[in-house]
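Worksheet for the structure shown next.
Coordinate-derived values only; no laboratory data. If you're wondering where the values come from, they're calculated on a predicted model, not measured in any experiment. Virtual Cβ from ideal backbone geometry, glycine too; neighbours counted across all protein chains shown.
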Amino acid sequence: METTAVKKVLIICYSLSGQTSNLLARLTNGLECAGVSVTIERLRPRKPLRFPFGSIRATVAMMVLTFFRKRIPIAPLSDKCQGRFDLMILAGPTWSYQPSGPVLSLLDRDGSTLLANQRVISLISCRGYWRMHLFGLRALLKKKGASLVNCMVFTHPSREPWRTIGVFLKLAGRSPERSKFIGRYYPRYGHEKKQLEEACRFGAMLGQALTEGKDLAKLDFRTPLAIIRGSNHPQAD
């Protein structure tokens, strides 16, 4: 009796504040419920980064450096990244419209050997401005011989300009959600519970597609809980 081989997914991720990690925990749950084997590799900066940054000055400095794609050196990857996977998921936050420094370091150092001829789906956690991140990431992956077949984008649910103000103050070490004025428009930092549940559903949907051999590029991750308020599909940008 012929058996179907278990599909294997490698998730490579970086999470500074825990928002990406929260999404991935639920995404992984959905994948595993669909019968997929998941390996997770967390990128570790050689010099641990502080969160929050602690001051407005430090936050502005970090924003400027990351806008120009400052690399953050990372420790070597573990042996569990070796071998062949049916899919890789590259996950992390948007830093000043760009992929995070640890992810950029990964692509510089390991991209050609790790990602060559590999299908990749990106998961982006961001305040709301993800298109430049995705555009740059797609170009970098292509240079390394990888194919970005789809993308999941989760934006913070608060409306602008309060979303930007709230995230900036949070990075600077303040608590905007506790402010009597700002808190009315920015009740929490990061993703809400319904978005985490949506990440689990995406995982199950992706796992089923992998198992059944369906075209991953045709999976539609556009929902009001992921890309908020009518944003275009990532594949179309």
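Miscellaneous remarks
- The range 142-176: trypsin sites (Lys or Arg not before Pro) in DSSP loop, at most 15 other beta carbons within 10 Å: Arg159
- The longest part of the chain holding none of the exposed loop GluC sites (Glu not before Pro), meaning those outside H, G, I, E and B in DSSP with at most 15 other Cβ atoms within 10 Å, is 3-191.
- Karplus 3J(HN,Hα) series, Hz, for the range 46-53 with 6.51 cos²θ - 1.76 cosθ + 1.60 (x for Gly, Pro): 4, 10, x, 8, 8, 9, x, 6
- Only Lys, Arg (+1) and Asp, Glu (-1) charged, at Cβ; the chain dipole about Cα centre in debye: 1040
- Pairs exceeding 20 Å between alpha-carbon atoms, taken from Lys194/Lys218; Lys8/Lys80; Lys7/Lys193: Lys194/Lys218; Lys7/Lys193.
- Sites matching chymotrypsin sites (Phe, Trp or Tyr not before Pro) across the range 157-213 that sit in DSSP coil, with at most 14 neighbouring C-beta atoms within 10 Å: Phe181
- Long-range HN-HN contacts of Glu41 with modeled amide H, under 5 Å: Ile11, Ile12, Cys13
- Expected 222 nm ellipticity per residue - DSSP helices of 4 or more, -39500 (n - 2.57), all of the chain, to 500: -11500 deg cm²/dmol
- The GNM of the chain, with springs linking C-alpha atoms under 10 angstrom apart, assigns the highest mean-square fluctuation among Ile12, Ile74, Ile56 to Ile56.
- The residue list Ser55, Pro176, Leu65 was ranked by how far each Cα lies along the charge dipole of the chain toward its positive end, using unit charges on Cβ atoms, and Ser55 comes out on top.
- Loop sites in the range 13-121: chymotrypsin sites (Phe, Trp or Tyr not before Pro), DSSP, at most 16 other Cβ within 10 Å: Phe68
- Here's the picture: charge each Lys and Arg Cβ at +1 and each Asp and Glu Cβ at -1 in the chain, and of Gly92, Leu114, Gly213 the one pushed furthest to the positive end of that dipole is Gly92.
- Across the range 165-182, coupling constants 3J(HN,Hα) worked out from phi with the 6.51/-1.76/1.60 Karplus curve, θ = phi - 60°, read 4, x, 5, 4, 5, 5, 4, 7, x, 8, 10, x, 5, 8, 5, 4, 8, 5 Hz, and Gly and Pro carry x.
- Largest-first principal axis extents, alpha carbons of the chain, Å: 66, 35, 28
- Calculated from backbone phi, Karplus (6.51, -1.76, 1.60) coupling profile of the range 19-32 in Hz, x at Gly/Pro: 5, 5, 4, 4, 5, 5, 4, 7, 4, 4, 4, x, 5, 5
- Among Leu134, Leu219, Leu196, residue whose mean-square fluctuation peaks in a GNM of the chain (springs only between Cα atoms under 10 Å): Leu219
- Gap separating the Cα centres of the range 122-197 and the range 18-91, nearest whole Å: 14
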